[in-house]
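*Asks:* Starting off with a structure, shown below.
The values are calculated or read from the model by the stated rules, or taken from the named source; none is laboratory data. As the structure is a prediction and not an experimental result, all values here were calculated from the model. Please note: Cβ atoms are built from the backbone with ideal geometry, for glycine as well, and neighbour counts cover all protein chains shown. Accessible surface is based on the protein model in full, side chains and every heavy atom, while ligands, DNA and RNA are left aside. Shrake-Rupley method; radii C 1.70, N 1.55, O 1.52, S 1.80 Å.
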Amino acid sequence: MTQPSGRVLQRLVTGPTLVSRVSWFDRIGSTNAEVTRRATGGAESGLLVLADEQTAGRGRQGRSWSAPAGTSLMGSLLLRTDRDLALVALLPLLVGVALAEACEPFVSGAELSLKWPNDLLADGRKCAGVLVEVPAPGVVVVGMGVNVDWRGVERPEQLAAATSLSEVGRGPVDRWRLLPALVERVDRRHSGWCEDPAAFLPAYRERCATLGRAVRVEQAGGTALMGTATGVTDGGALVVETDAGTTVDLSAGEVHHLRHR
Ligand code: BTN
């Protein structure tokens, strides 16, 4: 089915839930852009915009995000908050944990882990990503893209290493069953963050496949550093002991796990 049923969408906003309103699009530029646009117009916290296809999907580090129609779960959630930016900076990691927890029951047999900050890996291959944007003070847009069923889908070169939930588990995954599970996990983790923002970090560190790994980190401006990832700080930064003998805390960058060095 290319579209969630009215019942599935209704369930997302029924009861005490983080989601206050849902909009579905068969095709849109970017759900993050749409939520940002509506936030500027005064939309309330909890707006969730979902789409089957994006023509200008955004990824982290200025990359694009593309997925063929019918294969993925893509959506963006508007959160309004008066928390400090330093605490908002934990949200990308927190949503990564929620994503892993939501997907796990659907892929028994596969190992779900996180590549810092929030790439979801299934048996080491990327199957979902999170893009959190703060377009204005107090406005947080949480974008999530999950490769649900890419079986038989021809992939462009740059996605050759990616996988989808239906390819790693014991059977096809129904995205309209995954959707409420995902919203429920994000809701629960978000409530935890409201009470104690750093409380989820032990769960994050446990899932983080980057810890203990030899890494190459590409940073803004084109520089790269090599080293070993040794920790995640309480502020969400990745601690790397570099091959040059220094220790650095990184709050941004593209991490590559290295096999051999
Ligand atoms: C990444 O680069 O790993 C993050 C990808 C985030 C993609 C999602 S899909 C729904 C939402 N809308 C966007 O334009 N991007 C995010």
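*Asks:* Just to be sure before I move on: is Leu77 within 11 Å of the ligand (Cβ to nearest atom) and in contact (Cβ under 8 Å) with a residue 24 or more places away in the chain in the structure I sent?
*Replies:* yes
*Asks:* List the number of the failed condition for Arg27; all other conditions in (1) in contact (Cβ under 8 Å) with a residue 40 or more places away in the chain; (2) open to solvent by 10 Å² or more (accessible area, probe 1.4 Å); (3) outside any strand (DSSP E or B) hold.
*Replies:* Arg27 satisfies all of (1) in contact (Cβ under 8 Å) with a residue 40 or more places away in the chain; (2) open to solvent by 10 Å² or more (accessible area, probe 1.4 Å); (3) outside any strand (DSSP E or B) except (3).
*Asks:* Only residues that are surrounded by 12 or more Cβ atoms within 10 Å (Cβ to Cβ), over 18 Å from Phe25 (Cβ atoms) and more than 17 Å from the chain's Cα centre (by Cα): list them for the stretch 39-68, please.
*Replies:* Answer for the stretch 39-68, where residues must be surrounded by 12 or more Cβ atoms within 10 Å (Cβ to Cβ), over 18 Å from Phe25 (Cβ atoms) and more than 17 Å from the chain's Cα centre (by Cα): just Ser45.
*Asks:* Mind checking which pairs have a first residue in the stretch 191-220 that is among the polar types (S, T, N, Q) and a second that is open to solvent by 70 Å² or more (accessible area, probe 1.4 Å), Cβ under 9 Å, 6 or more apart or different chains?
*Replies:* Taking only residues 6 or more apart or on different chains, not a single pair turns up.
*Asks:* So for the stretch 127-136 (the condition being open to solvent by 40 Å² or more (accessible area, probe 1.4 Å), near the ligand (Cβ under 10 Å from one of its atoms) and not β-branched (Val, Ile, Thr)), does at least one residue qualify?
*Replies:* yes
*Asks:* Keeping to the stretch 38-59, report how many residues are more than 13 Å from the ligand (Cβ to nearest atom) and among the charged types (D, E, K, R).
*Replies:* 2
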